[in-house]
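The values are calculated or read from the model by the stated rules, or taken from the named source; none is laboratory data. Quick caveat, the model's predicted, so the values are computed rather than measured. All Cβ positions, even for glycine, are placed from backbone atoms using ideal geometry, and neighbour counts span all protein chains on display.
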Amino acid sequence: MTSASRSPLRGSRSTLTQEELVNSLSWLVKMRWVAGGGVLLVTWFSAIILDLNVPTTSLYLLGLGLLVYNALLRWGVGRLDAAAFSNTVYEWFVRFQIGVDWAAMALLIHFSGGIESPAILYFLFHITIASLLLPHDRGYLYVALAPILVGGVALLEYSGVLRHVPVFTPARYADPLYVAGILFFFVSASYVMVYFSMTISRRLRRRENELAALYESVQATTSTLDLTEVLNRLAEATTQALGCKGAAIRLLDKTGSHLAVAGSYGLSEDYLDKDPIDVARAPIDQEVLSGKTVLVPDTSCETRLRYPDKVASEGIHCILIAPLVGKRGPIGVLRAYGIRDHCFLEDDVDFLSAIAAQGAVAIENAQAYQMLEYLDRSKSEFVRIVTHELRSPVQVAGSLLNVLSRGYVGELNAEQADLVGRAQRRIKFLQALIDDLLDLAAGKAEVMATAERGLVSLTDVFEEVRARYESPAQDKGIALQALYPDEPLKVWGDRSELDRMMTNLVSNAVKYTREGEVRLELERTNGSARVVIADTGIGIPEDALPRLFEEFFRAKNAKDLQETGTGLGLSIVKDLVKRYDGEIQVDSVEGEGTTFTLMLPLAKNDANALEK
Ligand code: ADP
């Protein structure tokens with residue numbers, strides 16, 4: 001698994017790693033405060049209390065030097081923390097610190113008795129730290145520096161180039177057997193120690209990488225409900241988590257007898273262009289579908305492959321296949337492909353199984369969502385057909401009642417006029433309901449084809465709707481204030497849809513306001529049009545707010561009014577806003593008023609666009 005590869009999916013991983021690295025460096029700085037203080041304290045103790053023959057000035061300078069250098073490093077770590085930095089910067093920073101630390105350690109050993117120094121063992125701490133922090137493939141190389149430094153000090157003293165500091169008597173630094181023995185044990189202990197720490201930290205880092213990769217794949221696959229997207233993201237996340245060539249997902253068809261490619265990443269069109277696999281004739285897939293994760297370590301030796309030629313020409317050397325198991329049994333397989341220099345390890349088997357397990361959940365969720373959308377569209381289509389059929393008889397009934405009420409077939413007495421009036425009100429409601437249902441169904445079925453779309457001036461639509469509601473507002477004694485720019489704010493869409501959006505909101509504002517004002521605002525804000533429709537009306541009870549955009553929902557205080565309503569207007573608005581990639585927000589206090597705020601993305605200047 002390479003930590004160097006970068007992609008959008010990896011974004012959060014590098015941040016996690018970097019955070020961890022900065023933490024390690026901060027920890028190192030803390031340790032160095034202890035080391036610097038320790039040198040000063042032990043020097044004082046050895047010279048004053050134990051009365052040992054130590055070079056106090058040199059040792060005090062060394063301790064102070066460590067503290068000063070550490071203060072500088074601390075400042076450096078703070079800067080690394082603030083800025084995004086690459087792993088290379090980090091490695092050089094660590095190498096530099098380790099270099100200075102080890103030189104200081106060599107000096108300490110020299111000042112405290114050379115090869116006889118009891119501090120020599122402390123080098124082992126430095127070796128452990130270096131092997132944990134530096135890249136693992138070069139750990140042994142770095143650790144060679146420790147015996148070279150210690151051996152160098154011993155040899156320089158032995159040969160008389162450096163003056164030996166005689167802390168202990170009788171001195172043994174000139175005894176070749178003693179020097180060689182100590183060096184031997186020191187070298188072997190160093191290597192054993194670095195081996196232990198590198199093995200442990202390698203395992204830990206691997207686990208950490210796997211966890212981060214799993215987390216990323218969960219995030220990538222669950223952040224959408226679009227099935228194709230889920231499948232492709234799952235394939236991409238698998239490829240990156242395992243650091244392999246590519247991955248593919250094959251899903252079982254309805255009969256459960258064939259596996260067809262449903263999503264992939266990193267594989268050629270030619271390789272993917274294969275017929276669905278007949279499970280009855282694919283022993284490997286049968287094994288996988290029975291719940292096992294299967295590893296094909298070398299494709300050239302595997303006789304059970306269905307298309308060995310295609311596998312070879314794609315350069316695939318090994319394949320790891322995990323079952324995708326849904327709530328009611330297997331739904332497909334997840335395959336990861338490696339090229340020649342890549343071999344899957346035992347750990348990868350568990351890892352792919354874990355990715356497949358969460359992937360299966362994401363796939364089933366997306367499938368369920370797709371099914372819901374399909375059902376919703378079918379329902380809307382049904383509603384559309386029924387309401388369409390209802391429209392003309394209702395219109396005819398309405399016209400007939402108009403004929404009656406206007407007295408064209410004879411004057412009506414008071415009682416008859418009242419009855420006809422009531423029937424007219426009912427018919428009017430029925431017409432509104434049919435219109436709303438048709439609008440809603442049209443929105444769901446996306447009847448408005450993209451061909452009908454063009455650049456529409458939202459400012460014009462806004463002005464038209466305002467003008468339409470001027471007299472109804474006046475009739476109710478409500479002030480209708482409007483504030484909008486001179487420039488046409490253009491939206492890419494359909495004029496009647498935008499009109500419907502505005503009309504629904506403005507008509508509600510007028511309908512649910514008994515006194516005061518309705519304020520309409522339109523303005524440009526960072527590439528979007530912001531529409532505000534605020535009123536001083538009856539407001540919306542707090543408990544009704546979460547259900548406001550549901551089909552047929554009407555709040556109790558609205559139902560208590562004389563005004564009729566279908567409870568469909570806001571669902572139509574919500575569907576339209578979604579289709580325009582916009583946002584709608586409502587703020588309301590019961591008894592005080594309501595404000596709807598609509599954000600609609602403005603069209604980017606498009607010279608070829610048709611002005612509608
Ligand atoms: P309708 O107005 O036909 O009932 P809508 O879908 O347009 O249906 O609105 C749903 C409900 O939201 C209304 O019944 C009403 O309770 C509430 N509502 C919408 N707009 C307002 C508003 N401006 N003031 C108060 N209540 C509102």
Is one or more of the residues making up the range 312-325 more than 19 Å from residue 264 (Cβ to Cβ) and of a type outside the set (Phe, Trp, Tyr)? yes
Would a scan of the range 523-542 turn up a residue that is free of Cβ contacts under 8 Å to residues at least 40 places away in the same chain and surrounded by 15 or more Cβ atoms within 10 Å (Cβ to Cβ)? no
Residues that are surrounded by 12 or more Cβ atoms within 10 Å (Cβ to Cβ), within 16 Å of the ligand (Cβ to nearest atom) and in a helix (DSSP H, G or I): does the range 577-599 have at least one? yes
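Just to verify a result, which residue in the range 336-346, among those that are touching a residue at least 60 places away in the same chain (Cβ under 8 Å), farther than 19 Å from residue 218 by Cα and not β-branched (Val, Ile, Thr), is surrounded by the fewest Cβ atoms within 10 Å (Cβ to Cβ)?
342
Conditions tested, residue by residue: (1) in contact with an Asp or Glu (Cβ under 8 Å, 6 or more places away or on another chain); (2) among the hydroxyl-bearing types (Ser, Thr, Tyr).
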{"site": "231", "(1), (2)": "no, no"}
{"site": "238", "(1), (2)": "no, yes"}
{"site": "241", "(1), (2)": "yes, no"}
{"site": "244", "(1), (2)": "no, no"}
{"site": "249", "(1), (2)": "no, no"}
{"site": "253", "(1), (2)": "no, no"}
{"site": "259", "(1), (2)": "yes, no"}
{"site": "269", "(1), (2)": "no, no"}
Matching residues, the range 508-537, being within 13 Å of the ligand (Cβ to nearest atom) and under 30 Å from residue 604 (Cα atoms): 519, 520, 532, 533, 534
How many residues does the range 172-211 contain that are within 21 Å of residue 122 (Cβ to Cβ) and basic (Lys, Arg)? 1
From the list 172, 163, which one is loosely packed, with under 13 Cβ neighbours inside 10 Å and part of a loop (DSSP other than H, G, I, E, B)? 163
In the range 483-522, anything of a type in the set (D, E, K, R), under 16 Å from residue 579 (Cβ atoms) and in contact (Cβ under 8 Å) with a residue 40 or more places away in the chain is listed as 494, 495, 497, 500
With the structure loaded, tell me whether residue 230 is buried (at least 19 other Cβ atoms within 10 Å of the Cβ), in contact with a helix residue (DSSP H, G or I) (Cβ under 7 Å, 6 or more places away or on another chain) and over 21 Å from residue 267 (Cβ atoms) or whether it fails that test. no
Exactly one condition in (1) touching a residue at least 40 places away in the same chain (Cβ under 8 Å); (2) more than 27 Å from residue 226 (Cα to Cα); (3) not hydroxyl-bearing (Ser, Thr, Tyr) is false for residue 440; which is it? (2)
Only residues that are within 22 Å of residue 464 (Cα to Cα) and not aliphatic (A, V, I, L, M): list them for the range 522-535, please. 523, 524, 525, 528, 530, 535
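Going through 184, 196 one at a time, which residue ends up being surrounded by fewer than 16 Cβ atoms within 10 Å (Cβ to Cβ), outside the structural domain of residue 338 (by TED's automatic domain parsing) and farther than 27 Å from residue 342 by Cα?
184
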Can you name the residue in the range 551-570 that is part of a helix (DSSP H, G or I) and within 6 Å of the ligand (Cβ to nearest atom) and is also modelled with the lowest pLDDT among such residues? 569
Out of everything in the range 377-394 that is free of Cβ contacts under 8 Å to residues at least 60 places away in the same chain and touching a helix residue (DSSP H, G or I) at 6+ places or on another chain (Cβ under 6 Å), what residue ends up being surrounded by the most Cβ atoms within 10 Å (Cβ to Cβ)? 387
From 397, 357, 366, 322, which residue is out of contact with any strand residue (DSSP E or B) (no Cβ under 6 Å at 6 or more places or on another chain), surrounded by 13 or more Cβ atoms within 10 Å (Cβ to Cβ) and either β-branched (Val, Ile, Thr) or closer than 30 Å to residue 203 by Cα (or both)? 357
Does the range 326-333 include one or more residues that are part of a strand (DSSP E or B), surrounded by fewer than 18 Cβ atoms within 10 Å (Cβ to Cβ) and under 32 Å from the mean Cα position of the chain (by Cα)? yes
Mind checking which residues of the range 134-158 are closer than 16 Å to residue 190 by Cα and among the hydrophobic types (A, V, I, L, M, F, W, C)? 134, 141, 143, 144, 145, 146, 148, 149, 150
Only one residue in 409, 386, 456 is assigned to a helix (DSSP H, G or I), more than 16 Å from the ligand (Cβ to nearest atom) and of a type in the set (Val, Ile, Thr). Which one? 386
Give me a count of the residues in the range 538-550 that are within 36 Å of the chain's Cα centre (by Cα), under 20 Å from residue 432 (Cβ atoms) and near the ligand (Cβ under 8 Å from one of its atoms). 2
